[in-house]
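**Student:** Right, I'll just put the structure down here and ask away after.
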């Protein structure tokens, strides 16, 4: 039996929305006892969370009408893609269907990153294909919209204290709700502009390196994203640059051409000092040059600082560009 949305809203609390996340009595009691996680973990996906994610995917992929195979084809695509990438013929032994193969693999997989592969690939399909394919939407019965599916996934991650979110069509690692909300998400939003496509790719690549513990590569791509932001702004403004301009040169051009408001002139030296001694220096000392006899180890906290500094700096410069047109 299906219930109208207006009826369902009666049993939701004021904290809930259309995602299908209910503030159950047991959850409220856990919060009251201080048992809800307040520190993110990254090396496990609890079984309860995996089951909830399966429910979301099932609701978002939906079921086919009698004369269509869109949902079945979606599961086939995910299953075949994972098999090809892993170099295997099947994800699980004797699956009843592609859907069964995917979900059994996801529920049983011990490797956390491979389990997240399933989540990311399914939600890429939900966000990039289902959401934009009117034939899929018309020929299947679904219990949740693509946007609500992504929202619920992110809410479930937070509910279980898992430090990942699905943003800009991929899973990224987060370390602080505040930094993610105030710096990373707004930066990803401004980089959706096609003019900043190169920067977006490099910034997301830095996040991907960070998620997999490749901290040197994270620093390198952070600098690339930072430099690409300035190069793009210079191109859009018609400011002359050279092919080999470094971050220091690009910063100088942006300041010289008045990217920042004139009433910031007294602060130019401090802004320039912050930008020049921030991302470029971190990369130069730890990520981008010869290591000598002893390999340099970039600690996680340094990579995290560089990534967050990149986000706030890119956001600052793009907003300055838009406000001074």
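**Student:** In nm, to one decimal, how far is the residue 214 label point from the residue 63 one, both placed 7 Å along Cα→Cβ?
**Tutor:** Roughly 4.2 nm, to one decimal.
**Student:** Would you mind getting me the FRET efficiency between residue 133 and residue 170? Use the beta-carbon distance for r and R0 = 22 Å, nearest 0.05. Walk me through the numbers on the way to the answer.
**Tutor:** Working: r = 20 Å, r/R0 = 0.90.
Plugging the Cβ-Cβ distance into 1/(1 + (r/R0)^6) gives 0.65.
**Student:** Another one. Treat each spin label as a single point 7 Å out from the Cα along the C-beta direction, and report the residue 192 to residue 235 distance in nm.
**Tutor:** 2.2
**Student:** Now for a different question. Quick check on the exposure proxy: order 317, 230 from fewest to most C-beta atoms within 10 angstrom. Before the final figure, lay out the partial values.
**Tutor:** Values: 317 22, 230 25.
Least to most surrounded, the residues fall as 317, 230.
**Student:** While we're looking at this one, here's another question. At 0.36 nm per residue, and after removing the present C-alpha to C-alpha distance, how many nm does the segment from residue 243 to residue 93 gain when stretched out fully? List each step's numbers first, then the result.
**Tutor:** Details: separation 150, 0.36 × 150 = 54.00 nm, distance 5.37 nm.
Contour length minus the Cα-Cα distance gives 48.6 nm.
**Student:** Next up: Hey, can you rank 88-96, 163-171 by average C-beta count inside 10 Å, highest first?
**Tutor:** On the way: 88-96: 12.3, 163-171: 18.9.
Packing order, densest peptide first, comes out as 163-171, 88-96.
**Student:** Something else now. Got a sec? Which residues in segment 143-183 would a label at residue 112 touch, if it sits 7 Å along Cα→Cβ and we count backbone N under 11 Å?
**Tutor:** Those under the cut-off are 162-164.
**Student:** Further, regarding this structure: Once you place label points 7 Å from the Cα toward the Cβ at residue 24 and residue 86, how far apart are they in nm?
**Tutor:** Rounded to a tenth, the inter-label distance reads 2.9 nm.
Every number here is computed from the coordinates shown, using simple stated rules; none is lab data. Values in this document were obtained by computation on a predicted structure and should not be read as measured data. Quick reminder, even Gly has a Cβ in these numbers, built from the backbone with ideal geometry, and neighbours come from all protein chains shown.
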